[in-house]
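**Q** Quick one: structure below, then a few questions.
The values are calculated or read from the model by the stated rules, or taken from the named source; none is laboratory data. Worth saying up front: this structure is predicted, and the values here are computed from it rather than measured. All Cβ positions, even for glycine, are placed from backbone atoms using ideal geometry, and neighbour counts span all protein chains on display. Accessible surface is based on the protein model in full, side chains and every heavy atom, while ligands, DNA and RNA are left aside. Shrake-Rupley method; radii C 1.70, N 1.55, O 1.52, S 1.80 Å.
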Amino acid sequence: MTWTASTCTTPIAQGAHAFTVYQHGLVKRTTAAGEFVRSGTFAVGGYDWAVRYYPNGDSADEAASVVLELMTADTAASAVYELKAVDQVTGERLVLREDKTAAFDTRNGQFSCSGVQFVETPAFLAGDFLSIECIVTIFGEPRVSKTNKMPPPPPPPPPETSDVS
């Protein structure tokens, strides 16, 4: 009998971005509901991303919100992402959104983003700045290797026998 084998692997790309908003009080006072500040663009998995921070919510009567935005034009991507706020006093990270899977699509010429609302507490704004961390994971298309010949597997070991005296 001839034995063959192939393997399947899924490429994974992961990146992290820290976005710090200095002079947070001023930014909050001068940014209306629905308006945002955007981080610099960062690349993960062949796509460009940015973090949007809405200090007064993305619409009226909403808490502050933070979202991940796909910046690459005319494409679609799926990503798993996590958003965190950094406690400026203890350095601890508060997970705002954990392992969220989202589909992003900019092929219609519009922005594509996914995020979460959160309540800003004094610990996250100590020193008049806010630090947001974003971790993005992109899973590529599974790749299957070519089929290769392989030797047959070894035979199973003989059963153990016990000495009965």
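**Q** Within straight cross-link reach of Lys28, meaning Cα distance under 28 Å, which lysines are found once same-chain residues fewer than 8 apart are removed?
**A** List returned: Lys84, Lys100.
**Q** Next up: Roughly how many debye, to the nearest 20, is the charge dipole of the chain about its Cα centre, given +1 on each Lys and Arg Cβ, -1 on each Asp and Glu Cβ, and no other charges? Write down the numbers at each step before the final one.
**A** Values: 12 positive and 19 negative charges, 106 e Å.
The dipole of the chain has a size of about 520 debye.
**Q** If you don't mind, there's one more thing I want to ask. Go ahead and set up a Gaussian network model of the chain, Cα springs under 10 Å, then flag whichever of Ser65, Ser145, Ser131 fluctuates most.
**A** Highest fluctuation of the listed residues: Ser145.
**Q** At 0.36 nm per residue, minus the direct Cα-Cα distance, what do Met1 and Met150 gain on full extension? Give it in nm, one decimal, please. Spell out each step's value before the answer.
**A** Working: separation 149, 0.36 × 149 = 53.64 nm, distance 1.09 nm.
Extending this stretch completely gives an extra 52.5 nm.
**Q** Hey, for a label at Ala123 modelled as a point 7 Å past Cα toward Cβ, could you say which residues of segment 75-100 have their backbone N under 14 Å away?
**A** Residues 85-96 fall inside that zone.
**Q** Go ahead and run the numbers for FRET between Ala63 and Asn108, Cβ-Cβ distance against an R0 of 25 Å, rounding to 0.05. Before the final figure, lay out the partial values.
**A** On the way: r = 28 Å, r/R0 = 1.13.
So, using R0 = 25 Å, E works out to roughly 0.35.
**Q** Between Tyr22 and Val116, what length in nm is gained on full extension when 0.36 nm per residue of separation is reduced by their alpha carbon distance?
**A** On the way: separation 94, 0.36 × 94 = 33.84 nm, distance 2.07 nm.
Full extension from Tyr22 to Val116 adds 31.8 nm.
**Q** Taking +1 at the Cβ of each Lys and Arg and -1 at the Cβ of each Asp and Glu, which of Leu96, Gly40, Val66 sits farthest along the dipole of the chain towards its positive end, judged by Cα position relative to the Cα centre?
**A** Gly40
**Q** Most mobile of Gly40, Gly57, Gly115 per a Gaussian network model of the chain (Cα springs, under 10 Å)?
**A** Gly40
**Q** Hey, any idea what % of the chain's accessible area is carbon plus sulfur with a 1.4 Å probe? Walk me through the intermediate numbers first.
**A** Working: 5370 of 10190 Å².
Carbon with sulfur: 53 percent of the solvent-accessible area.
**Q** Given the options Arg107, Arg38, Arg52, state which has the largest fluctuation in a GNM of the chain using a 10 Å cut-off (strictly under) for Cα springs.
**A** Arg107
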